[in-house]
Amino acid sequence: MDDRGGSFVAVRRISQTLERGNTCQSASGKSEAVAGSTAWLGRGLSCVCAQRRDSDARPSFDLTPSQEECLQRLQNRIDVPYDSSVLEHQEALRALWNIAFPEEELHGLISEQWKEMGWQGKDPSTDFRGGGYISLENLLFFARNFPKSFQDLLWKQEGERSAWEYPFAVAGVNITFMLIQMLDLEAVKPRTMVGATFLKLLAGKNESAFDLLYCITFKLMDHQWLTMRASYMDFNRVMKATRHQLEKELLLEDITRLEDLPSYQLLTR
């Protein structure tokens, strides 16, 4: 992935009959089952989240002091790049591995093992450039708070899967970037109704609203993937459909918290 979205590679799903109980037999067995095999196909897929739409150019919305404070805190998180020399970032990356593969010891922060999770190469830090440290925080939040859904997506447990699947981890970074752009979080004030609506939810008691929305979006993206019977060349189309559905749900009149979003049910079922 390049510095602002870039491209990623697709992964061939070698076996669609592996059971969860059989996936821990070996590292190679895992890598075939999840979106991180060494069976790379190509690097020509651009991220739809890097494309701005003309409809996003709208007047800004005024913020309350509470909303301004919450937005600033979130922007501070967004501004932090992933730095492989920072101990906190190293520990977070190790924590992600330990949650994802509790029965397999990680040999190093630079290792071919990372491809099992769906990173493009042996050094995940090169993929974080598109989403920053917050994209790692998002993945960790997902793994810790919704472990079943996290593992289901990692291992592609649900539905009839494509022979060529999206890479799990890189897709996660793409989702972080897409949400930042969709919600216009790098602006001083939101310039879209969707962004303004999200800030109302963020300014409530839910300090982890962005992380929760990330989890909802990841699950929604996979649902769209299955519904559209998508394969690797369809990823951008799936991301567009995911964004459209998410915007639609955020603008529903009866949404007072993220748990009210219809797609939240996908995360908890």
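Taking the stretch 202-237 as the range and being farther than 16 Å from LEU261 by Cβ, surrounded by 23 or more Cβ atoms within 10 Å (Cβ to Cβ) and touching a helix residue (DSSP H, G or I) at 6+ places or on another chain (Cβ under 7 Å) as the test, only TRP225 passes.
Among the residues in the stretch 158-169, are any part of a helix (DSSP H, G or I), open to solvent by less than 20 Å² (accessible area, probe 1.4 Å), within 15 Å of HIS223 (Cα to Cα) and touching a residue at least 12 places away in the same chain (Cβ under 8 Å)?
From the stretch 158-169, those part of a helix (DSSP H, G or I) are 168-169; that's our starting set.
With open to solvent by less than 20 Å² (accessible area, probe 1.4 Å) added as a condition, the list becomes 168-169.
Narrowing the set further to residues that are within 15 Å of HIS223 (Cα to Cα) leaves 168.
Those left that are additionally touching a residue at least 12 places away in the same chain (Cβ under 8 Å): 168.
Yes, the stretch 158-169 contains at least one residue that is part of a helix (DSSP H, G or I), open to solvent by less than 20 Å² (accessible area, probe 1.4 Å), within 15 Å of HIS223 (Cα to Cα) and touching a residue at least 12 places away in the same chain (Cβ under 8 Å).
So if I check each of VAL173, VAL86, which one is under 16 Å from LEU220 (Cα atoms) and β-branched (Val, Ile, Thr)? Spell out how you get there, then give the answer.
Values: VAL86 fails: under 16 Å from LEU220 (Cα atoms).
Going through VAL173, VAL86 in turn, the sole match is VAL173.
If we keep just the residues of the stretch 235-269 that are β-branched (Val, Ile, Thr) and part of a helix (DSSP H, G or I), which is modelled with the lowest pLDDT? Across the stretch 235-269, the extreme among qualifying residues is THR268.
Restricting the stretch 201-247 to residues that are of a type in the set (S, T, N, Q) and more than 24 Å from TYR133 (Cα to Cα) leaves a set whose member that is nearest to the chain's Cα centre (by Cα) is GLN224. Residues in the stretch 82-95 that are open to solvent by less than 30 Å² (accessible area, probe 1.4 Å) and over 18 Å from GLY130 (Cα atoms): 1 in all. Here LEU199 fits the description: touching a Pro at 6+ places or on another chain (Cβ under 8 Å), at pLDDT below 95 and buried (at least 20 other Cβ atoms within 10 Å of the Cβ).
The values are calculated or read from the model by the stated rules, or taken from the named source; none is laboratory data. Just so it is clear, the structure is predicted and the values come from calculations on it, not from any experiment. FYI the Cβ positions are ideal-geometry reconstructions off the backbone, even for glycines, and counts take in every protein chain you see. Note: accessible area is taken over every heavy atom of the protein model, side chains too, but ligands, DNA and RNA are not part of it. Shrake-Rupley method; radii C 1.70, N 1.55, O 1.52, S 1.80 Å.
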